[in-house]
Structure formats: structure tokens, C-alpha cells
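Participant: Structure in C-alpha cells, see below.
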Amino acid sequence: MDLDITSQTIAVAMSGGVDSSVAAALLVSQGCRVFGITMTTWHWPESTYERYRETCLGHEEADSAARVARSLGIDHVMVDLSEKFRETVVDDFVSEYAHGYTPNPCVICNDLIKFGLLHHKAAELGADLVATGHYVKLKQDPVSGRRLLFRAADKHKDQTYMLYRLKQEQLARSLFPLGSLSKAEVRKIANNLGLETADKPESQEICFVPPGKYRDFLSSRYPWLNTPGPIVNVEGQVVGEHVGTAMYTVGQRKGLNIPADQPLYVLEIRPDSNTIVAGPQESLYSNSLQVHNTNFIPFDTLCSEMEVQAKIRYRSPASKATIVPMPNGSVRVEFTRPQRAITPGQSAVFYDGDLLVGGGIISGKQ
């Protein structure tokens with residue numbers, strides 16, 4: 001973007017990882033007025049959650065961020081957003097699973113916490129802009145004046161999928177210094193500067209749940225989610241018993257324990273009747289889906305059909321599709337090739353080449 005950032009005061013959201021550390025270092029090297037800001041997002045008074053506290057951004061990460069800030073010669077502040085994080089992200093995560101969806105909490109956190117509450121806190125502290133270590137490119141359209149997001153140079157690290165919900169006012173206050181760098185280049189910069197985060201491992205996607213333990217986490221919050229119920233086939237015949245609908249996701253095979261002539265997969269979750277529908281793999285495929293709660297970056301509203309490349313989960317490849325506006329404000333997505341395991345609660349995200357068009361929450365397949 002054509003912006004004289006040296007005339008701005010920039011807060012760098014420092015997580016204690018290598019990416020945000022290098023983002024801060026790059027801005028300092030450009031002569032910018034910079035300070036670090038770290039949000040703590042996990043502080044449960046309930047003893048139930050004590051075993052999970054170490055997995056989220058807490059004192060260890062905040063201390064690491066503070067040490068990096070000192071090494072760069074910049075101020076560092078901490079802001080406690082743990083209660084809002086619990087109400088906005090964690091409670092939504094549990095509620096969505098309870099209602100039969102498979103949510104992506106990082107998408108919600110980016111919109112409402114990192115680029116929402118944290119931005120406001122940074123502004124209160126005098127920041128004009130907030131920089132993060134996300135791998136994404138931000139540009140301004142010279143005609144419309146809108147801020148646009150593009151895939152990062154490092155396609156393996158690109159994080160546009162996670163940022164599709166950001167609004168123009170959020171993008172206007174944002175900087176992404178790593179958009180043109182690869183992860184290897186970022187680590188090299190950190191090593192050359194002697195930053196303690198240079199060789200720090202990648203952080204996990206769901207910060208508040210230990211790897212592979214989300215079922216335990218859900219059970220600790222709502223024990224009734226472990227209520228067993230029937231597994232039925234597509235004809236409605238009972239073929240097995242599940243251990244709780246929230247413990248499954250569409251496309252899952254492991255844990256069904258159903259004797260059958262062919263492997264069976266979760267096709268549908270029906271929490272109202274506490275039922276799982278299972279069937280053969282070919283039944284997982286569909287050419288279309290519908291999304292709600294949409295957001296678009298280059299424009300406010302989708303007014304006509306548009307050809308895009310669409311992703312139905314973060315790690316899946318993009319596939320050719322047409323997005324069609326619906327009368328109720330939702331969007332229908334029609335793929336040229338069938339997609340496997342379209343999962344309600346996940347996000348479908350749309351691209352035009354490297355340009356992030358927008359996305360929405362998957363309601364279900366059609």
C-alpha cells in the first residue's frame with residue numbers, strides 16, 4: 001500500500017512466536033514508531049479448565065514477546081482479553097458443536113478479537129495501525145479505494161482463508177509485513193537478529209485445546225454432549241450407537257465401529273434427535289452448498305453470479321465454482337467437480353486468482 005508508515009504509530013500484535021517477532025523487527029528497521037502489544041486469551045477461574053490453560057496464549061508466550069520487544073528496543077504492553085475471548089470464541093466453539101456444526105474458531109477470533117477488540121485497545125494506547133505476523137498481502141484498489149487482500153508469496157503459509165471476515169474499517173488499520181516473505185526467509189531474519197523465537201515451533205490452530213483433545217474439552221464443558229444415541233443408515237435403519245453427536249464431524253470414519261461390507265462415514269449430524277447418519281464414501285460428495293453470514297472484500301454485496309475458486313476448508317485445494325446470490329442474503333456455491341465432506345460450520349472461502357473475494361459459513365450441501 002502507498003502509505004508513509006514512518007509517520008504512523010504502529011502496534012505490533014506480538015504472540016511470542018517468530019512471525020510476529022519478525023514483523024516487529026522489520027518495522028523497526030524501517031524507522032517506524034513501534035510498540036508491541038500482547039493479548040492474553042486464557043484465564044479460567046474454574047478448576048475444570050486448569051489442565052487446558054497452558055495451551056493458550058498466556059504468561060509464557062507474553063514473557064517471550066516482552067523479551068523480544070526489549071531486544072528490539074521497543075515498548076511492550078499486555079492486555080487481558082481472556083473473558084471476552086471465552087465469551088466470543090470458546091463459548092461459540094462449544095455451542096456450535098452442540099448444534100451439530102464443526103466450527104473454525106480462528107476465523108471468529110480474527111474478526112472479533114485480534115482485529116476487533118485488540119485493535120480498539122491498541123488505538124486507545126495511541127496506535128494508528130496494527131501489524132500482525134499473518135502471511136497475506138494487503139493492497140488498495142486505486143479506483144474504488146477499497147483495501148484488498150491477496151494470497152501471500154508463500155502459498156504454503158498463506159492465511160487469507162482465516163481473514164475473509166475482515167471488514168474495510170479493520171483492513172484500513174492493518175499492516176501485514178510478512179506477505180512477500182517465505183517462512184524460511186522469516187526464520188533466517190530472526191536467526192540473523194538473534195531473536196529467541198527464531199526456531200520456535202509452529203503454533204497449533206486451536207490455541208485453547210490440546211492437540212487431539214477437543215472431545216475431552218467439549219465434555220468438560222457440557223457433559224451431556226457424551227449422551228449416546230443411534231447411528232442410522234441413509235434408509236433410517238439403526239446400524240450402531242454413537243457416544244455423543246458433538247464427538248463427530250462430517251466425513252469421519254474412525255470411531256463409528258459399525259460392522260459393514262464397506263467402510264461407513266458420517267454423512268450428517270442431527271443433534272435434535274441425537275442421531276448420526278452414516279453411509280458409504282460416495283455419499284459424501286456433492287456439487288453444491290449454501291453459505292450464510294457472508295462477507296466480501298472487493299465489494300459489499302454479491303449482486304450477480306460470479307466465477308471463483310472456492311475452498312471448503314483451510315487445507316483443501318481451491319476448486320472452480322460459481323457463487324450465486326440468494327434472496328435471503330445467503331449464497332449458493334456450485335462446483336464444477338464434486339466436493340468431499342462438505343461440513344456445516346466450516347467456512348467456504350472464494351478467490352479470483354490470488355485476490356480474496358470473501359466467504360461465509362457453510363449451512364450444508366444441496
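The values are calculated or read from the model by the stated rules, or taken from the named source; none is laboratory data. Here the structure is a predicted model, which means the values were calculated and not measured. As a convention, Cβ positions derive from the backbone with ideal geometry for all residues, glycine included, and neighbour counts pool all protein chains shown.
Participant: Quick check on this structure: which one of Gly145, Gly194 is surrounded by fewer than 17 Cβ atoms within 10 Å (Cβ to Cβ), of a type outside the set (A, V, I, L, M) and without any contact (Cβ under 8 Å) to a residue 40 or more places away in the chain?
Facilitator: Every option except Gly145 fails the conditions.
Participant: Also: Out of the stretch 1-16, which residues are modelled with pLDDT under 95 and in a loop (DSSP other than H, G, I, E, B)?
Facilitator: Selection gives Met1, Asp2, Leu3, Asp4, Gln8, Ser15, Gly16.
Participant: Restricting the stretch 38-84 to residues that are under 20 Å from Ala11 (Cα atoms) and touching a Cys at 6+ places or on another chain (Cβ under 9 Å), which is modelled with the lowest pLDDT?
Facilitator: My answer is Leu57.
Participant: If you don't mind, there's one more thing I want to ask. Restricting attention to the stretch 221-265, and to residues there that are of a type in the set (D, E, K, R) and in contact with a helix residue (DSSP H, G or I) (Cβ under 9 Å, 6 or more places away or on another chain), which single residue is surrounded by the most Cβ atoms within 10 Å (Cβ to Cβ)?
Facilitator: Here the residue is Arg221.
Participant: From the list Asp199, Asp154, pick out the single residue that is more than 27 Å from Met247 (Cα to Cα), touching a residue at least 12 places away in the same chain (Cβ under 8 Å), surrounded by fewer than 21 Cβ atoms within 10 Å (Cβ to Cβ) and not assigned by TED's automatic domain parsing to the domain that holds Val94.
Facilitator: Being more than 27 Å from Met247 (Cα to Cα), touching a residue at least 12 places away in the same chain (Cβ under 8 Å), surrounded by fewer than 21 Cβ atoms within 10 Å (Cβ to Cβ) and not assigned by TED's automatic domain parsing to the domain that holds Val94 holds for just one of Asp199, Asp154, which is Asp199.
Participant: Exactly one condition in (1) within 21 Å of Lys155 (Cα to Cα); (2) at pLDDT below 95 is false for Lys320; which is it?
Facilitator: (2)
Participant: Now, a different point. Report whether or not Ser21 is in contact with an Asp or Glu (Cβ under 7 Å, 6 or more places away or on another chain), at pLDDT 90 or above and not assigned by TED's automatic domain parsing to the domain that holds Asn295.
Facilitator: Criteria not met by Ser21.
Participant: Those residues that are assigned to a strand (DSSP E or B) and touching a Pro at 6+ places or on another chain (Cβ under 7 Å), I need them from the stretch 276-304; list them, please.
Facilitator: Within the stretch 276-304, Tyr285, Ser286, Asn287 meet the criteria.
Participant: Taking the options Lys183, Lys137, Lys155, name whichever one is charged (D, E, K, R) and under 14 Å from Asp19 (Cβ atoms).
Facilitator: Lys183
Participant: Next question, about the same structure. Go through (1) touching a Phe, Trp or Tyr at 6+ places or on another chain (Cβ under 6 Å); (2) surrounded by fewer than 17 Cβ atoms within 10 Å (Cβ to Cβ) for Leu166 and report which single condition fails.
Facilitator: (2) is the only condition that Leu166 fails.
Participant: Does Phe208 fit the bill of being more than 19 Å from Arg315 (Cα to Cα), touching a residue at least 12 places away in the same chain (Cβ under 8 Å) and assigned to a loop (DSSP other than H, G, I, E, B)?
Facilitator: Considered against the rule, which asks whether it is more than 19 Å from Arg315 (Cα to Cα), touching a residue at least 12 places away in the same chain (Cβ under 8 Å) and assigned to a loop (DSSP other than H, G, I, E, B), Phe208 comes out as yes.
Participant: Right, another one. Looking at the stretch 161-190, I want the residues that are touching a residue at least 12 places away in the same chain (Cβ under 8 Å) and have a partner that is aromatic (Phe, Trp, Tyr) and surrounded by 21 or more Cβ atoms within 10 Å (Cβ to Cβ) with Cβ atoms under 6 Å, at least 6 apart or on another chain. Which pairs are those?
Facilitator: Correct list of pairs: Leu166/Phe115; Gln170/Phe115; Leu178/Tyr135.
Participant: Then there is this: From (1) at positive phi; (2) part of a strand (DSSP E or B), pick out the condition that doesn't hold for Gly145.
Facilitator: Among (1) at positive phi; (2) part of a strand (DSSP E or B), the lone unmet condition for Gly145 is (2).
Participant: Within the stretch 211-220, identify whether any single residue is touching a Ser or Thr at 6+ places or on another chain (Cβ under 7 Å), over 22 Å from Asn295 (Cα atoms), outside any loop (DSSP other than H, G, I, E, B) and free of Cβ contacts under 8 Å to residues at least 60 places away in the same chain, and answer yes or no.
Facilitator: There is no residue in the stretch 211-220 that is touching a Ser or Thr at 6+ places or on another chain (Cβ under 7 Å), over 22 Å from Asn295 (Cα atoms), outside any loop (DSSP other than H, G, I, E, B) and free of Cβ contacts under 8 Å to residues at least 60 places away in the same chain.
Participant: Enumerate the strands (runs of 3 or more DSSP E) found wholly within the stretch 314-366, keeping only those where 3 or more residues are free of Cβ contacts under 8 Å to residues at least 40 places away in the same chain and not assigned by TED's automatic domain parsing to the domain that holds Lys137.
Facilitator: Correct list: 319-325.
Participant: Identify all residues within the stretch 93-102 that are in contact with a helix residue (DSSP H, G or I) (Cβ under 7 Å, 6 or more places away or on another chain) and at pLDDT 95 or above; write none if there are none.
Facilitator: none
Participant: Evaluate the stretch 298-306: report whether one residue or more is modelled with pLDDT of 95 or more, among the β-branched types (Val, Ile, Thr) and buried (at least 16 other Cβ atoms within 10 Å of the Cβ).
Facilitator: no
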